[in-house]
Amino acid sequence: MPTERKSIHGQWSNRFAFILAATGSAVGLGNIWKFPYIAGENGGGAFVLVYLLCIAVIGIPIMMAEVLIGRRGRQSPINTMRTLAYEENASRHWHLLGWAGVVGGFLILSYYSVIAGWALAYVFRAGSGLFTGLTADGVQSIFSNLVDEPERLLAWHTIFMVMTMIIVARGVRSGLERAVRLLMPLLFVLLLLLVGYAWNSGAFHQGLDFLFQPDFSELTANGVLIAMGHAFFTLSLGMGAIMVYGSYLPDNASIAKTSIAVSLMDTLVALLAGMAIFPIVFANGLEPGAGPGLIFQTLPIAFGHMDGGAFFGMLFFVLLVFAAWTSAISLIEPAVAWMVENLGMTRIFASVTAGFTTWLVGLLTVFSFNIWSDLKPLAMIPVFAESTIFDLLDYLTANIMLPLGGLLIAVFAAWQMKRESSVDELAMGDGFFYRSWRILVRYITPVAVVIVFLNAIGII
Ligand code: PFF
């Protein structure tokens, strides 16, 4: 029996709407911008294999745990954790996990929005035909022109944050549900088109080999941590985004099936992005390890040389902006839901407050690509010798906060909640599937996360 609780923020119209929203949260810059560039920096195949393994063994079970907790609590993650900790006789400190998620969400969105701003800027650059016929060098200089200018980055960052605030202010069932329904499939089709272009680039095999042929000598302990961190990042796990979306999930929807569907779609999009990008990288003699600018320095070459490239390029970046947008709203929804519940704010006021705070923190990232690009605050630590503020923010959130948050979510769902509660909420009986899930979240995921952490800091 599910609890009788109802969310004061509303509910998705049905299970399909939840899948769309959760997929909207999961599929974003993480898949198309981040996955290719970190796979490129960490040597390709072996990294991709570890990432896929993490999705299957850690990501899917934790997503189920997060949705299950969210739906049972039906409030913002902070209040959900407080209520469930009380009901399950666990320590009241568990609500701090909700707080960690709120802080993580602000930090991630602060740089996420700056990168989404690049995508926005590229909508206009592509649409005006700027890329037509350009070589790799030309495309690179367009990218440098953008990121070297703090004012430009600031303007795009501001526009993207305003877009995010508007949607969050409108609430759970705004036009977004409808927009995602149309845009996600379109993004998929466009990625297929790009893979088709990459197929003919002359380096398709080289690209695929890079992505799928594991060479373990290329993989470092830090690389394994980055792969695991990315599994959390790409599935939006470990900070309450999926938990808060789960709190709007209708009672009769299957948590297992929806979580698996979302994870599969997310993974597919990332792999397609990789398959589109790496052949273009190799065909044009570019560096797979070029860093955060990778897709902005490769895909325009493809658009610049295909028929109708200005149109397709513009469409692609529009869709990328939408993918980022649907993720961004899930990053501040936990904070906004909490402000509405506890501070009595209206949704509009809460969204503006959260959005403005994030915008301010985002300035750190804006400047770390230009006026502060030489600032390496943790240069005394060897792994961070080259890391800018943006790199550090990304590392702290994706590789430390999210896995740690995910670990604690697993511990709560599997060790603190009574067995009956999870059997009840997952509603898939007490047979093989439930037991496998429970073994995974009880033992396998926590141990795996801890081992990867210890390995990365050199203890094992
Ligand atoms: N999953 C999003 C992406 O891959 O772009 C990013 C993200 C959204 C991370 C929400 C974390 C989160 F809570």
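The values are calculated or read from the model by the stated rules, or taken from the named source; none is laboratory data. Remember, it's a predicted structure, so these values are computed and weren't measured experimentally. All Cβ positions, glycine included, derive from the backbone under ideal geometry; neighbour counts span all protein chains shown.
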### Query
Taking the stretch 105-130 as the search range and keeping residues that are of a type in the set (Phe, Trp, Tyr) and surrounded by fewer than 24 Cβ atoms within 10 Å (Cβ to Cβ), which one is farthest from the ligand (Cβ to nearest atom)?
PHE124
### Task
Scan the stretch 117-143 for residues that are part of a helix (DSSP H, G or I), more than 13 Å from GLY293 (Cα to Cα) and of a type in the set (A, V, I, L, M) and jot them down.
LEU120, ALA121, VAL123, ALA126
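So is VAL102 among the hydrophobic types (A, V, I, L, M, F, W, C), in contact with a Phe, Trp or Tyr (Cβ under 8 Å, 6 or more places away or on another chain), within 14 Å of the ligand (Cβ to nearest atom) and modelled with pLDDT under 95 or not?
Here the answer is yes, as VAL102 does meet what is asked.
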### Task
Answer yes if at least one residue in the stretch 420-428 is part of a loop (DSSP other than H, G, I, E, B), surrounded by fewer than 18 Cβ atoms within 10 Å (Cβ to Cβ) and at pLDDT below 95, and no otherwise.
yes
#### Entry: Top-ranked residue in the stretch 305-354 [being among the aromatic types (Phe, Trp, Tyr) and over 16 Å from the mean Cα position of the chain (by Cα); ranked as modelled with the lowest pLDDT]
PHE312
## Note on the structure
Exactly one of VAL452, VAL423, VAL447, VAL411 is in contact with a Phe, Trp or Tyr (Cβ under 8 Å, 6 or more places away or on another chain) and not aromatic (Phe, Trp, Tyr), and that residue is VAL423
### Message
Quick test of your reading of the structure: ASN31 fulfils all but one of (1) touching a Pro at 6+ places or on another chain (Cβ under 9 Å); (2) within 12 Å of the ligand (Cβ to nearest atom). Name the failing condition by number.
### Response
(1)
#### Entry: Per-region count, the stretch 366-393, residues closer than 17 Å to ILE457 by Cα and either within 13 Å of the ligand (Cβ to nearest atom) or hydrophobic (A, V, I, L, M, F, W, C) (or both)
8
### Query
In the stretch 411-460, what residues are aromatic (Phe, Trp, Tyr) and touching a residue at least 24 places away in the same chain (Cβ under 8 Å)?
PHE412, TRP415, PHE433, TRP437, PHE453
### Query
Looking at this structure, is LEU249 of a type in the set (A, V, I, L, M, F, W, C), part of a loop (DSSP other than H, G, I, E, B), closer than 25 Å to GLY104 by Cβ and under 18 Å from the mean Cα position of the chain (by Cα)?
no
### Summary
Filtering the stretch 62-99 down to residues that are within 13 Å of GLY238 (Cα to Cα), away from the ligand (no atom under 14 Å from the Cβ) and in contact with a Ser or Thr (Cβ under 6 Å, 6 or more places away or on another chain) yields MET64
### Task
May I ask you to list the residues in the stretch 183-240 that are of a type outside the set (A, V, I, L, M, F, W, C), buried (at least 23 other Cβ atoms within 10 Å of the Cβ) and away from the ligand (no atom under 16 Å from the Cβ)?
GLY207
### Query
How do the helices (runs of 4 or more DSSP H) wholly within the stretch 156-246 filter down when requiring 1 or more residues that are of a type in the set (D, E, K, R) and touching a helix residue (DSSP H, G or I) at 6+ places or on another chain (Cβ under 7 Å): which remain?
176-199
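Name the residues in the stretch 273-291 that are away from the ligand (no atom under 14 Å from the Cβ) and in a helix (DSSP H, G or I), would you?
MET275, ALA276, ILE277, PHE278, PRO279, ILE280, VAL281, PHE282, ALA283
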#### Entry: Residue count, the stretch 408-426 (criterion: touching an Asp or Glu at 6+ places or on another chain (Cβ under 7 Å) and under 19 Å from ARG82 (Cβ atoms))
5
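Being among the β-branched types (Val, Ile, Thr) and in contact with a Leu (Cβ under 6 Å, 6 or more places away or on another chain) is the filter here, so list the residues in the stretch 353-407 that pass it.
Of everything in the stretch 353-407, those that are among the β-branched types (Val, Ile, Thr) and in contact with a Leu (Cβ under 6 Å, 6 or more places away or on another chain) turn out to be THR358, VAL366, ILE389, THR397.
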### Query
Is it true that some residue in the stretch 319-340 is touching an Asp or Glu at 6+ places or on another chain (Cβ under 9 Å), more than 22 Å from GLY117 (Cβ to Cβ) and more than 16 Å from the ligand (Cβ to nearest atom)?
no
